[in-house]
Amino acid sequence: MTRPSAKLIQAAQAASRRLADRDTPFIYNAWYVAAFAEEVGEALLRRTLLGKRVVMFRTGDGRAVVLDDRCPHRSFPLSASRRDGDTIVCGYHGLRFDSHGDCVEAPSQSPCPKGIGVRAYAVVEHGPLLWIWMGDPAEADPAQLPPAAWITDPAWETSHGHMDLRASYVRLHENLLDLTHLSFLHAATIGTPDYAGAAYQTELGDGRFALVRNVVPTSLPPVWGEPTGLYGKPTAARIARSEFHSPAMHEVNVVFYDTALPAGSRPEFRIRTAHLPTPETATSTHYFVVHGRDFAQQDAAITHAMHERLFAAFHEDVVGLALQEELLASADEDFHEMSLAADGPAIAMRRYIKARAEAEAAARAAARQPEGSAAARAQPQPA
């Protein structure tokens, strides 16, 4: 048999329609990483987040500001305009906007007209990360930030970086929930041949999806084997937990140890990696990463070496997912994908994203309809 039967293809296509993909609306009511804190300074920084152009800068007292990057008068980009103190002066007709997005001066009209302004987004700065809320401002609760307290914990040595991913953020989340690909896509960097076939357990919850893989015994790749002293030992353990926390965060926690030593006295080495995708467009993603370890603290050489090796592996993901995206762009009516048992958490995650995104999009559409209109009356009503 060279291909599935027509019946199997139709079933696979029907199953795929229930999963989030490149055509699924964005989830705006969530915290996403807008930038690393160090990127935002006095200069105007332009970025596209969730399909929206924004401009970022810091006020004189150090507060980070994110505004829509469009003058509401004649749509000139504010990022291509002039910073003047804590205001931006539009480079087209000189309208001045303060850090709250309010227009405070219109040179051609005095007094300045009311009701002209741009949206200012809620932002929270946590350690090296600047988080943004692009949905309903009334729901922007900092307590709902994805869990990442370890990023600012001095017990964890960290490094961070950013990559441009030419693929959907949904596919990145799927990639991270099934690390079977380590044995193949990452064979030369962080993978080992035994990883794909190792035993695993899954955890499926309400918006939280995890896969725990027990690669025991194994031999560690140099990136972790060398700094832990376990390199070359065939009795190493590699217990990896991959967990989806939110549309903007996936975390991988791994513990390494030598199974040849007694459980009560053997040293254990832990790493954590926060994968932080922020959609740019439907098929491009800002891929932020923070990596941490609880061993070899304050060793700059090890930090540098691990960072370079890890980001070489993450670049393999960037290349691989971009190749997928090229094929997805040319999909025809015969296109189908067949899932495997290990895809369980990823499938659950994609269903969750699709349901949440479509519910949010429907709520936005209903809110835009004038009260009493035929379109508003057609919206489903709560029971």
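The values are calculated or read from the model by the stated rules, or taken from the named source; none is laboratory data. Note that the structure is predicted; figures quoted are calculated from it, not measured. All Cβ positions, glycine included, derive from the backbone under ideal geometry; neighbour counts span all protein chains shown. These area figures cover heavy atoms from the full protein model, side chains too; ligands, DNA and RNA do not enter into them. Shrake-Rupley method; radii C 1.70, N 1.55, O 1.52, S 1.80 Å.
Some observations on this one:
- Count of segment 193-220 residues which are assigned to a loop (DSSP other than H, G, I, E, B) and over 26 Å from the mean Cα position of the chain (by Cα): 6
- One residue from PHE288, PHE209 being touching a helix residue (DSSP H, G or I) at 6+ places or on another chain (Cβ under 6 Å) and modelled with pLDDT of 95 or more: PHE209
- When residues of segment 123-151 are limited to those that are closer than 23 Å to MET306 by Cα and open to solvent by less than 70 Å² (accessible area, probe 1.4 Å), the one modelled with the lowest pLDDT: ALA148
- Restricting the first member to segment 320-334 and to residues that are modelled with pLDDT of 90 or more, and the second to residues that are aliphatic (A, V, I, L, M) and part of a helix (DSSP H, G or I), the beta-carbon pairs closer than 7 Å and six or more apart or on different chains are LEU321/LEU172.
- Among the residues of segment 336-346, some residue qualifies, meaning at least one is among the charged types (D, E, K, R), assigned to a loop (DSSP other than H, G, I, E, B) and farther than 26 Å from ALA148 by Cα.
- Qualifying residue in segment 56-78 (condition: open to solvent by less than 60 Å² (accessible area, probe 1.4 Å), within 18 Å of ARG96 (Cβ to Cβ), in contact with a helix residue (DSSP H, G or I) (Cβ under 6 Å, 6 or more places away or on another chain) and aliphatic (A, V, I, L, M)): no
- Hits in segment 71-113 - residues which are closer than 24 Å to GLU38 by Cα and assigned to a loop (DSSP other than H, G, I, E, B): PRO77, SER81, GLY85, ASP86, ASP98, SER99, HIS100, GLY101
- Candidates are the residues of segment 81-109 that are open to solvent by less than 70 Å² (accessible area, probe 1.4 Å) and of a type in the set (D, E, K, R); the one that is nearest to LEU67 (Cα to Cα) is ASP98.
- Pairing residues of segment 71-94 that are on the phi > 0 side of the Ramachandran plot with residues that are hydroxyl-bearing (Ser, Thr, Tyr) and part of a loop (DSSP other than H, G, I, E, B), at Cβ distances under 9 Å and at least 6 apart in sequence or on separate chains, gives SER75/TYR92; GLY85/THR59; GLY94/SER108.
- Residue count for segment 110-122 under the criterion of being of a type outside the set (Phe, Trp, Tyr) and either more than 27 Å from GLY94 (Cα to Cα) or open to solvent by less than 80 Å² (accessible area, probe 1.4 Å) (or both): the result is 8.
- Scope segment 255-289; condition without any contact (Cβ under 8 Å) to a residue 60 or more places away in the chain and among the acidic types (Asp, Glu); matching residues: ASP258, GLU268
- Lone qualifier among ALA20, ALA11, ALA35, ALA30 - being aliphatic (A, V, I, L, M) and surrounded by fewer than 15 Cβ atoms within 10 Å (Cβ to Cβ): ALA11
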